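What follows is a short report on a single structure.
Just so it is clear, none of the values below were taken in a lab; they were calculated from the coordinates. Please read all numbers here as calculations on a predicted model, not as lab measurements. Glycine gets a Cβ as well: all are built from the backbone with ideal geometry, and neighbour counts include every protein chain shown.
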Amino acid sequence: MTSIVLDDARSASSLSGLSAGASASQTMRAVLRYAIRDMLRNRWMLAYGVGIAGIVEVLFRTTGSGSRALIGILNLVLIIIPLVSVVFGVMYWHSTREFNELLLAQPVKRRALWSGLYLGLIVPLAIAYVAGITAPLLLHRAIDAQSLPILVAMLLAGVALTAIFGGLAMLIGTCVDDRLKGIGLSFAVWIAMTALYDGVVLLVSTSFSDYSLERTMLAFTIANPVDLARTTIVLRTDTSALMGYTGAVIEKFLGTGVGSLAAVAGLGLWIVVPAWLALRAFERRDF
Amino acid sequence: MTTPHSEVLLAARGIDKQYGPRKILHDVNLNITRRSVTAIVGPNGAGKSTLNRILLGLVRADRGSLEFDGLDVGNDVSYRARIGYMPQAARFPENLTVRDVFALLDELRASSVAVDTSLAVDFDLDQQLHRLVRELSGGQRQRLNAALAFRYRPDLLLLDEPTAGLDPIASRILKRAIANARDNGRAVIVTSHVLAELEEIADRVMFLLEGRVQYSGTMTALLANTASFTLEEAVAKVMTNVGANPFGESVSENLAEVAV
């Protein structure tokens, strides 16, 4: 008796007798297009974009400078993006779960379907974030030579964080069937990476203050995407001088070509690994 | 009693499925023939949903094989192009319109065959195309669910609690569509807890209990073998007499039909 391996790798011979369904790229594009359409009509998504725009607008009016407004919103963005991406992602996954099962019952490859669902989650979130940050600055014509590098760094880091935490959301959603447990786990991941991690780093730095910890701190910075994003952005501002000796070492490293590559590789790894694990789980699991 | 090969559209052989220590399906065999409506019945936890999902490829069997139209399914997913699936829960993305839902499935199917919109028209969904899913009632969503299953003129319809949430008129329309599908040579698999309804639409029955096939054959034979007037009565007798051979001499014949 042969075992069934329904892993969606379509063989050359079609059992359909008709057309064998959409190709992988057609599947991905179709799912992505309708997922974006669904998400852009989502009220929470609208609130997310408008909320960010509102904060940037207020900060701009308060400080009178595009670069200062961006620096002012930096920490808020580094907290909000992971929170919204991972928690909203898990909630969205569970709300569309039955529909995804219907999609899986069509003649489509799981990998293509997953790609469409993943991009369908992170693209609208990224659009809302980019629009929320840039729209007020564009309206006030506040993008100049000083604010442009910070804006670009914030947009790239923000989009990377959206992809990272969106991937984690897909992983949690796929692996944890219970909706409430999934949401709880997503909050735990968010707290661990935005707050607890910094606490551990602080504990290490104070406990071993007699030792030279610059390299360790550098490793800690690269190991956490939120810290890496924060450092990458801060280094584009004049406030990086406030980071002290350790900051200077980090700046010295990340300011080099190798350092920049390490930063991109660090963020890239954080995008790829959770997404790959989520895809693997999606391809293997029973629905 | 074996069924002629050409008449068998879907065949499952020796399907086993286990979740942790719990065995859900034990050596399940089934033949789904064209021009038939097969009711899969059994109490909660009997393995009906798991079996349906294995037939669709949503769940992987630990052991066994699946053939569609005489060909081993193996790694191929294209056989799903010939299956119309109606899941029990009619949940669609809230912010898509009815038109969007149809269009998305049309794109994924990329079907060369003209879609069948007759059930959508009968359900008045052609008048609701512009409406967002979140604006639809539960019954309207279930109509959309049914219309999608029939839309691609599938050879096999797999319907999970199809009339749940439908009003009597819509329910009658759907039952008529199921009968028409059978008369046009298609195969239909229906799971439902409403046994009276299954009695009305099904001509074959597969009864699952604790993951094992207790009976598979015609409705008429089941009623005759259990000396019952209704499917509900027959199922109750089978459930209370498991191990006591409720079919008497006919058990081996019925099980032989199952385990082709």
*Local charge sum around residue B:125 (other residues, Cβ-Cβ under 15 Å, Lys/Arg +1, Asp/Glu -1)?*
-3
*Taking 0.36 nm per residue of separation and subtracting the Cα-Cα distance, what length does fully extending residue A:258 through residue A:207 add?*
15.4 nm
_Two-decimal Rg/Rh across chain A, once Rg and the Kirkwood Rh are taken from alpha-carbon atoms_ = 1.03
*Under a plain spin-label model, where a point goes 7 Å from the Cα along Cα-to-Cβ, how far apart in nm are residue A:63 and residue A:180?*
4.2
_If R₀ is 41 angstrom, what is the calculated FRET efficiency for the pair residue B:196 and residue A:46, using the beta carbon separation as r and rounding to 0.05?_
0.30
*Label points 7 Å out from Cα along the Cβ direction at residue B:212 and residue B:99: separation in nm?*
5.5
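What is the gain in length, in nm to one decimal, between residue A:198 and residue A:269 on full extension, counting 0.36 nm per residue of separation less the C-alpha to C-alpha distance?
23.5 nm
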*Sorted by Cβ density within 10 Å, fewest first, the residues B:48, A:109*: A:109, B:48
_Going by average Cβ density within 10 Å per residue, which order do the peptides A:155-168, A:211-224, B:53-66 take, highest to lowest?_
A:155-168, B:53-66, A:211-224
*If one takes the longest principal axis of the Cα atoms in chain B, at what angle in degrees, from 0 to 90 and to the nearest 10, does the Cα axis of helix B:231-240 lie?*
50
*By how many degrees, between 0 and 90 and to the nearest 10, does the Cα long axis of helix B:168-183 differ from the longest principal axis of chain B?*
70
_If each residue of separation counts as 0.36 nm, what is the full-extension length gain between residue B:71 and residue B:241 once their alpha-carbon separation is subtracted?_
57.5 nm
*For residue A:280 and residue A:187, what is the calculated FRET efficiency with R₀ set at 22 Å and r taken between the beta-carbons, to the nearest 0.05?*
0.40
*In nanometres, what is the gap between the two model label sites at residue B:184 and residue A:146, each 7 Å from Cα along Cα-to-Cβ?*
7.1
*Percentage relative contact order, the range B:50-167, counting C-alpha pairs under 8 Å, at least six apart*: 37
_As I understand it, the value is the acute angle between the Cα axis of helix A:179-191 and the longest principal axis of the Cα atoms of chain A; what does it come to in degrees, rounded to 10?_
30
